[in-house]
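Trainee: Pasting a structure below so you can have a look.
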Amino acid sequence: MEDEQIDRATDTSPRFALDASARMSLRDHVRNQLRMAIISGRFAPEEKLNERAIAEEFGVSTTPLKEAVRQLEVEGLIEILPRRGMVVRFDADYAEEMILARAALESPLAALAAQRADEASRGRMQDIVNRMRDATDRTDIAALIGLNETFHGEIHAAARSRHLARLAAMQQFYDDSARRVIHRNLEESRRAFEEHSGICGAIAAGDADRAAELMGRHVTRSGRLYLAAVFSSKQE
């Protein structure tokens with residue numbers, strides 16, 4: 001009994017496991033929301049951001065905002081200039097480069113998935129596509145965004161390429177925000193479903209070349225739609 005009491009007294013492990021949302025810090029939450037606002041086109045390129053106004057809008061002090069902004073500066077979305085403050089550096093050229101980078105990563109991952117996916121993985125991809133069809137029919141945009149991420153994640157897992165998957169993960173912050181812009185267009189949701197279905201079919205058939213080709217087309221086309229939605233009105 002005494003040994004048990006000592007073990008309990010010296011045990012510093014957490015008693016309860018928090019889910020991911022609970023573990024997210026205030027700084028991370030602010031960073032994610034501000035990043036999404038920038039990538040979705042709420043702020044124009046070169047626009048100066050008012051630190052106090054943004055902090056008030058998010059309902060936080062300027063401390064977590066400053067911490068979030070430093071992270072976004074590392075990502076290249078914002079620059080902090082002496083005597084000028086925060087300036088948005090995300091523009092159409094930056095966005096286009098991110099699209100090209102994503103296509104360059106997602107295409108070989110799809111090819112590897114076609115070569116390496118097992119029966120269970122192929123089944124999961126088909127199940128995701130089936131749920132995409134239902135969500136498309138219901139015009140459930142929130143579900144489509146989540147299923148889109150799940151589908152690409154399943155391809156990454158099936159490819160079993162730690163290096164390429166790690167590089168693709170670095171693009172995740174762009175992917176999430178861009179999808180929210182793209183899926184505002186109902187016709188795009190239908191077209192994206194058809195493209196995902198075709199990619200799934202190529203992977204299931206073990207056709208690496210076809211999977212890579214379809215994935216490249218999908219990422220590039222949806223990226224062009226994103227560019228038009230976010231930047232065309234700002235350039236007119």
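Trainee: Sort Met170, Met125 so the one with the fewest other Cβ atoms within 10 Å of its own Cβ comes first.
Mentor: Met170, Met125
Trainee: Just to be sure I understand the curve: with the Debye formula and one point per C-alpha of region 122-206, what is log10 I(q)/I(0) at q = 0.14, 0.16, 0.18 Å⁻¹?
Mentor: Each listed q corresponds, in turn, to -0.47, -0.62, -0.78.
Trainee: Still on this structure: Would you please name the trypsin sites (Lys or Arg not before Pro) within region 56-113 that are DSSP coil residues with at most 12 other C-beta atoms within 10 Å of their C-beta?
Mentor: Details: sites: Lys66, Arg70, Arg83, Arg84, Arg89, Arg102; in loops: Arg83, Arg84, Arg89.
Here the trypsin sites (Lys or Arg not before Pro) that fit, given the DSSP loop and packing criteria, are Arg83, Arg84.
Trainee: Let me ask you something else. If neighbour count is taken as other Cβ atoms inside 10 Å, put Ser161, Ser40 in order from fewest to most. It would help to have the intermediate numbers written out before the result.
Mentor: Working: Ser161 19, Ser40 16.
Fewest to most other Cβ atoms nearby, the residues stand as Ser40, Ser161.
Trainee: Please give the contour-minus-distance gain from Glu73 to Lys48: 0.36 nm per residue of separation, less the Cα-Cα distance, rounded to one decimal in nm.
Mentor: Numbers: separation 25, 0.36 × 25 = 9.00 nm, distance 1.36 nm.
Once the chain is fully extended between Glu73 and Lys48, it gains 7.6 nm.
Trainee: Show me, for region 117-124, the HN-Hα J-couplings you get by feeding each phi into the Karplus relation (A = 6.51, B = -1.76, C = 1.60, θ = phi - 60°), rounded to Hz, glycine and proline as x.
Mentor: 5, 8, 4, 5, 5, 4, x, 5
Trainee: Same structure, new question: If you place +1 on the Cβ of every Lys and Arg, -1 on the Cβ of every Asp and Glu, and leave all else neutral, what size is the dipole of region 172-236 about its Cα centre, to the nearest 20 Debye?
Mentor: Values: 10 positive and 10 negative charges, 50 e Å.
Rounded to the nearest 20 debye, it is 240 debye.
Trainee: Further question on the same structure: Can you tell me the FRET efficiency between Ala228 and Thr62 if r is taken as the Cβ-Cβ distance and R0 is 45 Å, rounded to the nearest 0.05?
Mentor: Working: r = 35 Å, r/R0 = 0.78.
With a Förster radius of 45 Å, E is 0.80.
Trainee: Work out the charge dipole of the chain with +1 on the Cβ of Lys and Arg and -1 on the Cβ of Asp and Glu about the Cα centre, then indicate which of Ala111, Met125, Leu49 is farthest towards its positive end.
Mentor: Most positive-ward Cα: Leu49.
Trainee: Something else now. Can you figure out the FRET efficiency of Met170 with Arg138, using R₀ = 30 Å and their beta-carbon distance, to the nearest 0.05?
Mentor: Details: r = 32 Å, r/R0 = 1.08.
It comes out at approximately 0.40.
Trainee: Ok, one more. What FRET efficiency comes out for the pair Ala120/Asp209, r = Cβ-Cβ distance, R0 = 35 Å, nearest 0.05? Don't skip to the end; give the middle numbers.
Mentor: Numbers: r = 24 Å, r/R0 = 0.68.
So the FRET efficiency works out to roughly 0.90.
Trainee: About its Cα centre, what dipole magnitude does the chain give when the only charges are +1 on Lys and Arg Cβ and -1 on Asp and Glu Cβ, stated in debye to the nearest 20? Before the final figure, lay out each step's value.
Mentor: Details: 34 positive and 39 negative charges, 115 e Å.
Dipole about the Cα centre, nearest 20: 560 debye.
Trainee: Now for a different question. Please arrange Tyr226, Tyr174 by counting, for each residue, the other beta carbons lying within 10 Å of its beta carbon, fewest first.
Mentor: Numbers: Tyr226 25, Tyr174 22.
Neighbour counts put them in this order, fewest first: Tyr174, Tyr226.
Trainee: Stokes-Einstein diffusion coefficient for the chain at 20 °C in a medium of 1.002 mPa s, Rh from the Kirkwood formula over Cα pairs: what value in µm²/s?
Mentor: Numbers: Rh = 19.9 Å.
Once the numbers are plugged in, D ends up at 108 µm²/s.
The numbers here are math on the coordinates, done by the rules we state, and not lab data. Fair warning: this is a prediction, and the values are worked out from it, not measured in the lab. Positions of Cβ are backbone-derived with ideal geometry, glycine not excepted, and every protein chain shown enters the neighbour counts.
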